[in-house]
1. Could you work out which residue, out of A:Gly154, A:Gly103, A:Gly125, moves most in a Gaussian network model of chain A, that is, has the largest mean-square fluctuation with Cα springs under 10 Å?
2. Mind listing the long-range amide H neighbours of A:Asp27? Cut-off is under 5 Å, sequence gap 5 or more, other chains count too, H placed in the peptide plane at 1.01 Å from N.
3. Which whole-Hz couplings ³J(HN,Hα) result when phi for each residue of segment A:86-94 is put into the Karplus expression 6.51 cos²θ - 1.76 cosθ + 1.60, θ = phi - 60°, listed in order with x for Gly and Pro?
4. Sort B:Thr11, B:Thr162 so that the residue with the fewest other Cβ atoms within 10 Å of its own Cβ comes first and the one with the most comes last.
5. Can you list the HN-Hα couplings for segment B:139-148, worked out from phi with the Karplus curve (6.51, -1.76, 1.60; θ = phi - 60°), rounded to whole Hz and with x for Gly and Pro?
6. Take peptide B:40-48, look around each residue's Cβ out to 10 angstrom, count Cβ atoms belonging to other protein chains, and average those counts.
7. So for chain A, averaging the separation of alpha carbon pairs under 8 Å that are six or more residues apart and normalising by length, what relative contact order in percent results?
8. Taking K and R as +1 and D and E as -1, what net charge do the other residues with C-beta under 12 Å from the C-beta of A:Val65 add up to?
There are 2 protein chains.
Amino acid sequence: MRYDIFMNDFTPEEIDSLYRVMAARRDMRHFSSEPIDPALLDRLLAAANLAPSVGLMQPWRFIRVRDRSLRLGVHALVDEERRRTAHALGEREAEFMRLKVEGILECGELLVAALAPGREKHVFGRRTMPDMDLASVACAIQNLWLAARAEGIGMGWVSILTPGRPNKILDVPESWRFLGYFCVGYPQAETDIPELERAGWETRRNSQTFILRR
Amino acid sequence: MRYDIFMNDFTPEEIDSLYRVMAARRDMRHFSSEPIDPALLDRLLAAANLAPSVGLMQPWRFIRVRDRSLRLGVHALVDEERRRTAHALGEREAEFMRLKVEGILECGELLVAALAPGREKHVFGRRTMPDMDLASVACAIQNLWLAARAEGIGMGWVSILTPGRPNKILDVPESWRFLGYFCVGYPQAETDIPELERAGWETRRNSQTFILRR
């Protein structure tokens with residue numbers, strides 16, 4: 001993709017539609033199994049690659065899991081960790097076990113996002129802040145998510161994950177750090193209320209809550 | 001903000017404009033000192049608050065630095081770490097010192113983004129992946145950045161930062177972890193080529209480089 005870019009080239013309508021995409025993005029767990037057009041998936045991944053990265057290192061990696069048995073393997077790992085999470089939650093264990101937390105077996109596409117460790121030279125912006133590479137991958141995921149939402153595709157971020165285990169299953173270097181499994185697909189239903197809010201798990205707070213002045 | 005949301009409510013033109021915003025977003029270091037309308041700044045911060053967060057914990061905090069002496073203090077910290085980074089880069093030291101890496105003194109608004117540690121209950125999606133809170137803050141920053149770009153505002157992410165030091169200067173809890181200083185303002189000039197690529201520091205690679213199939 002190449003665009004001619006001018007600072008004020010977005011109309012009020014375009015700016016408004018960007019805010020609408022952001023407001024409409026939800027963490028989805030209910031998918032139909034309808035497949036996603038490969039060209040559309042490529043657009044979403046190209047959007048991810050437009051994210052900022054510290055020192056322009058582009059540390060993100062995306063694994064497209066097509067093999068059904070691999071998908072089952074990933075699901076089994078998630079389910080194991082889901083039970084451990086429930087146990088760690090103590091008094092909310094039963095409530096947590098009732099939540100639907102992923103759509104790995106149903107979604108049209110299963111993606112896995114990973115952080116590949118920086119080459120030694122990526123010191124710029126990271127000497128005292130090594131985790132900025134992880135922040136860059138998160139920005140790429142957010143781009144992917146917004147692009148998906150605009151295209152009518154839902155996504156769910158599953159970080160119920162046992163570090164190290166997916167590396168073996170997916171045959172990638174041990175040094176890669178996984179950020180999550182990403183269920184991508186056409187949603188079964190939709191809502192403008194986050195699933196965790198609807199389920200009474202947590203409530204959202206207004207942006208003013210998070211702003212300080214100095 | 002409240003919107004009526006339907007899954008296919010974005011037109012092809014709106015989808016295209018989202019991709020254009022993503023492609024046009026740059027890390028900016030050259031600003032005019034023109035002030036930013038407070039209502040516009042509020043919209044950008046509200047966009048940040050629309051980001052996903054693990055367990056809906058909303059761990060982001062934004063500090064709007066208005067005091068000039070605080071801004072000078074932040075700049076001095078960055079300059080100290082910039083010299084240490086240059087030294088650590090070894091043979092690229094002189095080249096690095098020639099790069100303009102921030103616009104802290106010139107930009108219209110200086111924001112600081114921080115991660116406030118989770119309350120004990122935020123175990124969901126974080127039991128084995130504690131850094132998912134940092135990833136959530138990065139998603140909020142990416143929302144802020146895209147919104148800024150669409151509104152004709154440039155932003156630069158400065159992670160040349162000495163952990164611990166800004167907490168004292170900005171009078172926030174020691175437990176907060178800073179992700180960076182964010183220069184926000186009207187750009188002096190613009191380009192579709194990343195500054196680090198234009199300066200010959202690093203080159204971008206195509207999205208296909210980062211996709212694996214399994």
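1. Taking springs between Cα atoms under 10 Å, the residue moving most is A:Gly125.
2. Residues meeting the criterion, in which the H sits 1.01 Å from N, are A:Glu195.
3. With coefficients 6.51, -1.76 and 1.60, one gets 4, 4, 5, 6, x, 5, 9, 3, 5 Hz.
4. Fewest to most other Cβ atoms nearby, the residues stand as B:Thr11, B:Thr162.
5. Here the 3J(HN,Hα) series is 4, 5, 5, 5, 4, 4, 5, 5, 4, 4 Hz.
6. Per-residue shielding by partner chains comes out at 3.
7. Value for chain A: 33 percent.
8. Summing Lys and Arg as +1 and Asp and Glu as -1 gives +3.
Bear in mind these aren't lab numbers, they're just calculated from the coordinates by the rules spelled out. On a predicted model such as this, the values are computed, not experimentally measured, just so you know. Methodologically, a virtual Cβ is constructed for each residue, glycine included, from the backbone with ideal geometry; neighbour enumeration extends over all protein chains shown.
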